[in-house]
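Before any comments, here is the structure.
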Amino acid sequence: MNISLLVAVKNNLEYTKHLYKTTREIYPDVELCFSSYGSTDGTHEWLEDIQSKDPNVRCWWSDLYGTFSDNFNKAASLATKDYIIFLHNDIVLAPNFIENIIKHSNPNTIVSYTTIEPPIFAGHERPGKIIKDFGVELETFNIKETYSFISEKYIECKDKIEPGITFFMCMPREKFIEIGGLDNLFDPCFCEDDDLILRWKLLDFNLITSLDAICYHFVSKTSRFSEENKNRTKNIEEQSNRNFVRKWGFRQSISNKKYNVCYVIKNCTLQILAALEPWCDNIVIDDEKGVLKTAYMELEQTYTKFNLDNKIQVIGYYKPDNDIIVEFDAEKLNQQSFGMLIQLNEIISESGEIGDFELDIFNIKIKSLNTYEDKLIFITNNGYG
């Protein structure tokens with residue numbers, strides 16, 4: 001098979017062993033690429049052992065820290081096949097899983113697969129998601145009933161697809177490497193999948209989900225519910241979302257346009273600065289002694305690779321040269337005007353033109369309508385300035 005299965009792990013060795021065992025029972029020769037940063041539960045010793053015994057296993061491990069993105073990028077670098085599939089170690093593949101992905105795969109298509117999951121995130125809809133509880137832990141998992149259910153689904157869903165993809169995807173390895181893989185801006189995790197999916201969209205790939213490529217997914221055993229992250233998931237998700245906005249200028253957007261925007265804010269407060277900083281490329285505040293900037297950087301800089309010292313400037317000491325400049329008084333900012341501000345990307349995409357205009361409390365100067373989203377597709381080592 002011209003396909004490699006990528007499994008980036010951190011601890012939860014019993015799930016990794018179970019994935020390996022159940023996969024080998026169906027696919028004895030498919031290439032499995034395991035990567036691990038910082039596992040401490042015997043995972044690295046197990047990887048070393050299994051690699052010595054199985055010629056179709058490729059492994060890498062390190063005691064150093066690595067993000068979720070670092071881990072999968074390393075796994076991708078091990079692969080030798082033309083196509084790669086992202087897996088979690090808390091997944092159980094079913095017969096025909098790979099065959100039902102390969103039949104849709106080509107160099108211009110990203111194919112996601114279908115996951116059966118217990119009702120942990122039942123309200124979170126996405127392509128290729130089936131809610132059915134066959135066990136939330138290995139101890140309660142019923143593989144016989146799972147396979148029986150999937151056999152019935154094969155008949156119902158044979159050759160069917162639906163538009164859209166998720167993290168659970170198959171893609172051309174060469175193209176994934178070319179664009180720089182997953183972005184480790186998102187540290188330790190979350191939003192790297194949204195970021196990658198957006199980049200595939202901007203590259204005009206065909207994005208589909210195969211409804212008859214099915215597996216069982218216990219859900220988030222190495223991320224949200226891991227021992228390392230379970231008590232700080234909310235904070236990780238919040239910071240990940242903030243970094244996504246810093247990068248793209250929006251969180252959810254129809255237009256997917258990235259403009260070069262500067263806010264110039266009078267009467268700014270720490271709360272306002274925290275709320276608005278991610279949504280622009282530069283932010284200029286009346287903070288002559290630098291007290292506000294210093295306080296904010298002490299709170300926030302550790303959570304982002306963006307250089308906040310460069311991004312936050314002081315009125316009178318910095319002349320904005322951005323394509324779009326938005327001036328306003330923070331004392332007049334309310335929930336409605338804040339909503340307009342974070343929708344500025346859509347407003348400009350729909351009706352923006354070069355010149356000056358007023359919108360609610362904002363004085364907006366548009367010098368250029370250039371967009372920069374294409375420059376964000378390829379991950380480089382240039383940092384986030």
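Quick notes on this structure:
- Any hit, segment 102-115, residues being in a helix (DSSP H, G or I) and touching an Asp or Glu at 6+ places or on another chain (Cβ under 8 Å): no
- For segment 77-86, the set of residues classified as out of contact with any Ser or Thr (no Cβ under 8 Å at 6 or more places or on another chain), surrounded by fewer than 23 Cβ atoms within 10 Å (Cβ to Cβ) and not polar (S, T, N, Q) consists of 82 only.
- Every condition in (1) in contact (Cβ under 8 Å) with a residue 60 or more places away in the chain; (2) in contact with a Lys or Arg (Cβ under 8 Å, 6 or more places away or on another chain); (3) farther than 20 Å from residue 68 by Cβ holds for residue 18 except the one numbered (2).
- Residue, nearest to residue 268 (Cα to Cα), within segment 325-364, restricted to residues that are β-branched (Val, Ile, Thr) and part of a helix (DSSP H, G or I): 342
- Check on residue 36, crowded, with 16+ Cβ neighbours inside 10 Å, in contact with a His (Cβ under 8 Å, 6 or more places away or on another chain), farther than 23 Å from residue 139 by Cβ and assigned by TED's automatic domain parsing to the domain that holds residue 145: yes
- Looking only at segment 171-184, and only at residues there that are among the aliphatic types (A, V, I, L, M) and not in a loop (DSSP other than H, G, I, E, B), the one that is surrounded by the most Cβ atoms within 10 Å (Cβ to Cβ): 171
- Between 159, 187, the distinction of being acidic (Asp, Glu), in a loop (DSSP other than H, G, I, E, B) and either in contact with a Pro (Cβ under 7 Å, 6 or more places away or on another chain) or exposed (fewer than 14 other Cβ atoms within 10 Å of the Cβ) (or both) belongs to 159 only.
- Being within 26 Å of the chain's Cα centre (by Cα), closer than 27 Å to residue 155 by Cβ and surrounded by 15 or more Cβ atoms within 10 Å (Cβ to Cβ) holds for only one residue in 72, 97, and it is 97.
- Considering segment 95-133, the residues that are β-branched (Val, Ile, Thr) and over 23 Å from residue 171 (Cβ atoms) include one that is modelled with the highest pLDDT, namely 131.
- Taking the criterion of being surrounded by 14 or more Cβ atoms within 10 Å (Cβ to Cβ), in a helix (DSSP H, G or I) and among the aliphatic types (A, V, I, L, M), the residues of segment 275-294 that qualify are 275, 276, 292.
- Residue, surrounded by the fewest Cβ atoms within 10 Å (Cβ to Cβ), within segment 308-350, restricted to residues that are closer than 17 Å to residue 273 by Cα and touching a Gly at 6+ places or on another chain (Cβ under 9 Å): 310
- Subset of segment 106-156 (residues that are surrounded by fewer than 13 Cβ atoms within 10 Å (Cβ to Cβ), touching a residue at least 60 places away in the same chain (Cβ under 8 Å) and not polar (S, T, N, Q)): 107, 137
- Every test in (1) over 25 Å from residue 143 (Cα atoms); (2) of a type in the set (D, E, K, R); (3) out of contact with any strand residue (DSSP E or B) (no Cβ under 7 Å at 6 or more places or on another chain) is passed by residue 54 save one, and that test is (1).
- Filtering 234, 230 for residues that are modelled with pLDDT under 95, part of a loop (DSSP other than H, G, I, E, B), surrounded by fewer than 22 Cβ atoms within 10 Å (Cβ to Cβ) and of a type in the set (Lys, Arg) leaves a single hit, 230.
- Scanning segment 190-214 for residues that are under 11 Å from the mean Cα position of the chain (by Cα) and among the hydrophobic types (A, V, I, L, M, F, W, C), we see that the one that is surrounded by the most Cβ atoms within 10 Å (Cβ to Cβ) is 196.
- Of all residues in segment 238-271 being closer than 22 Å to residue 299 by Cα and among the small types (Gly, Ala, Ser), the one that is farthest from the chain's Cα centre (by Cα): 249
- Residue check, residue 154 out of contact with any Cys (no Cβ under 6 Å at 6 or more places or on another chain), assigned to a helix (DSSP H, G or I) and not β-branched (Val, Ile, Thr): yes
The values are calculated or read from the model by the stated rules, or taken from the named source; none is laboratory data. All of these numbers come straight from a predicted model, not from anything done at the bench. Ideal geometry is used to build each Cβ from the backbone, glycine not excepted, and the neighbour counts take in all protein chains shown.
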